[in-house]
Amino acid sequence: MDGCGSVEMSGLHTEVAERVPRRAFRSIWISDLHLGTPRCRARELLDFLDRHEAENLYLVGDIVDGWVTGPAWRWSRAQGAVVGRIALWHRRGVRVVFLPGNHDEISLDLAHALLGPVPVAAHLIHRTADGRRMLVIHGHQFDGSLNPNRWMHLLGAQAYHQALRIDRWYSEGCVRGGRIGARPAAYFKQRLGRAVRYLTDFGDRAVLQSARRHRADGVICGHTHLPQRRGIGPISYINDGDWVKNCTALVEDHDGGLRLLHRDANGGWREFDSPAEEAR
């Protein structure tokens, strides 16, 4: 289900954005924009960037989709405006850090060309205002050897696009032409999702081990496109979601509090209630 409301193409120009009231945070984390694809919800992201500001902006991977090439590459005016806004934040002194994901680590030159001279790190430790050490990492590093993300890009663009078409087919409910009803479609999609998770071992153990290795109190990542916050033993796990379906971001208040935000049906930005984890 798409968690984003629609938004008009206003605010693309800086002079318009200047008139939008902003909420100030200490830090913001966004990931999985997939710029260069029609899936990118650039309009919603632009609205978010125009209505918020922060001292730190972390781009937590899959900002540019380097798996998409040739005629499949899609670039919109709104995507260009998003890149321009991030560059503007950087010029104004915001600490912008890019942490490549599995979709953009193979196209760093393209990411640099779009984002400009921002620092790049595979992972980092962010210390919150209340003193917690949070490991920030895209998350594909937690994938196990059987995870399709380990080998999908090696199969080429055709396999990747076919996977996206299958995903869209299930997401649309498969109701066109009366082939499959909405309830069976939802059932098959759920079963497919469980099968994929069975083949992947991005599990709690990998997250916990990584946090311990970095002596971190928690982990902030993306990659799964599932916005969520929960405990894994003694550590805090927070996934900032994506800008393909959920349009979510993680923010840090000036007292160190961490919250997930998403766009509601009225066009406002409010706290996101992360779904309960499915039983495995």
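A few notes on this one:
- Restricting the stretch 41-71 to residues that are at pLDDT below 95 and either in contact with a helix residue (DSSP H, G or I) (Cβ under 6 Å, 6 or more places away or on another chain) or assigned to a strand (DSSP E or B) (or both) leaves a set whose member that is surrounded by the most Cβ atoms within 10 Å (Cβ to Cβ) is VAL64.
- Matching residues, the stretch 73-118, being part of a loop (DSSP other than H, G, I, E, B) and within 23 Å of ALA54 (Cα to Cα): ARG92, GLY93, VAL94, LEU99, PRO100, GLY101, GLY116, PRO117, VAL118
- Pairing residues of the stretch 65-93 that are closer than 15 Å to ILE30 by Cβ with residues that are at pLDDT 95 or above and of a type in the set (Ser, Thr, Tyr), at Cβ distances under 6 Å and at least 6 apart in sequence or on separate chains, gives no pairs at all.
- Scope the stretch 18-76; condition closer than 20 Å to ALA113 by Cα and charged (D, E, K, R); matching residues: ASP32, ASP62, ASP65, ARG74
- Among the strands (runs of 3 or more DSSP E) confined to the stretch 165-280, the ones with at least 2 residues that are on the phi < 0 side of the Ramachandran plot, of a type in the set (A, V, I, L, M) and at pLDDT 95 or above are located at 218-221, 235-239, 248-252, 258-263.
The values are calculated or read from the model by the stated rules, or taken from the named source; none is laboratory data. What you see is a predicted model, and the numbers here were worked out from it, not measured in a lab. So basically every Cβ, Gly included, is an ideal-geometry build from the backbone, and we count neighbours across all protein chains shown.
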